[in-house]
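Okay, so here's the structure we're looking at.
The values are calculated or read from the model by the stated rules, or taken from the named source; none is laboratory data. Not measured: the values here are computed from a predicted model. Neighbour counts run over all protein chains shown; Cβ positions are idealised from the backbone, glycine included.
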Amino acid sequence: MWFTSAGSAKAVADDDDELKLETRVGLPDALRVLLEELPRAGWEAHPGFHGLARFWMQRHMLFRQIMDALTEEAELRLDAQVSADRLGARVNRLGGMLMSTLHEHHSIEDTVYFPKMQVMEPRLLRGFTMLDKDHHALDEWLNRFADASAGVVNTPSRDTTWVFHSELERLGPLLERHLRDEEDLVVPVILRTGLQ
């Protein structure tokens, strides 16, 4: 639900299920206005893509690659194709990288880029509020991921590997939904405004 008054910004109500990460199936039509003007298929050919937009997409690709690598390692361990030590080492390194780079990325978005973009595209304020709420929701899921990672690293067993794999299966679709929606909202803003 949107609340408006003369001269005030639009805000997202806490109970807006259409925007909750756990229930969202994509950007609502009202937030796709720039995406329709600048569709994903044309981003790489756009002259403004080669700075911040490319960097943003590369960071998101890194997160996806880490999630894929962790999932593959957990599945190999469950099939007894890799040792517990190998899985523990990979989870320690890649899981730590995922946590630290995601937190850093979200912090910069929330404190630097989203405030600038809200001024440049006030009609998308609802979307930036949604992304900020995603970051808070993902923090809870990342805490669960960290606990499951610690289990694999500190007390390796088939059970801790199953728990870790299950957390990856829960976190993966939520992270992908967030990344995709963020790209669909943010990259067109960057391309349209030339933000660097």
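Numbers at a glance
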{"quantity": "Any hit, the range 113-122, residues being on the phi > 0 side of the Ramachandran plot and modelled with pLDDT of 95 or more", "calculated": "no"}
{"quantity": "Within the range 118-153, tally of residues that are of a type outside the set (Ser, Thr, Tyr), touching a residue at least 24 places away in the same chain (Cβ under 8 Å) and more than 23 Å from Leu31 (Cβ to Cβ)", "calculated": "6"}
{"quantity": "Filtered residues of the range 37-80 (kept if closer than 17 Å to Gly95 by Cβ, among the charged types (D, E, K, R) and in contact with an Asp or Glu (Cβ under 9 Å, 6 or more places away or on another chain))", "calculated": "Arg64"}
{"quantity": "Residue satisfying condition, being buried (at least 17 other Cβ atoms within 10 Å of the Cβ), of a type in the set (Phe, Trp, Tyr) and farther than 20 Å from Asp134 by Cβ, within set Trp56, Trp43", "calculated": "Trp43"}
{"quantity": "Criterion: within 30 Å of Val163 (Cβ to Cβ) and at pLDDT below 95 - qualifying residue of Asp29, Asp68, Asp17", "calculated": "Asp17"}
{"quantity": "When residues of the range 160-196 are limited to those that are basic (Lys, Arg) and under 13 Å from Leu138 (Cβ atoms), the one surrounded by the most Cβ atoms within 10 Å (Cβ to Cβ)", "calculated": "Arg177"}
{"quantity": "Only listed residue being assigned to a helix (DSSP H, G or I), crowded, with 16+ Cβ neighbours inside 10 Å and of a type in the set (Asp, Glu), chosen from Glu104, Glu36, Glu73", "calculated": "Glu73"}
{"quantity": "Among (1) in contact (Cβ under 8 Å) with a residue 60 or more places away in the chain; (2) within 20 Å of His106 (Cβ to Cβ) - the single one Ile66 does not satisfy", "calculated": "(1)"}
{"quantity": "When residues of the range 79-88 are limited to those that are aliphatic (A, V, I, L, M) and surrounded by 15 or more Cβ atoms within 10 Å (Cβ to Cβ), the one nearest to the chain's Cα centre (by Cα)", "calculated": "Leu87"}
{"quantity": "Filter pass, Ser166 being among the hydroxyl-bearing types (Ser, Thr, Tyr), free of Cβ contacts under 8 Å to residues at least 40 places away in the same chain and assigned to a helix (DSSP H, G or I)", "calculated": "yes"}
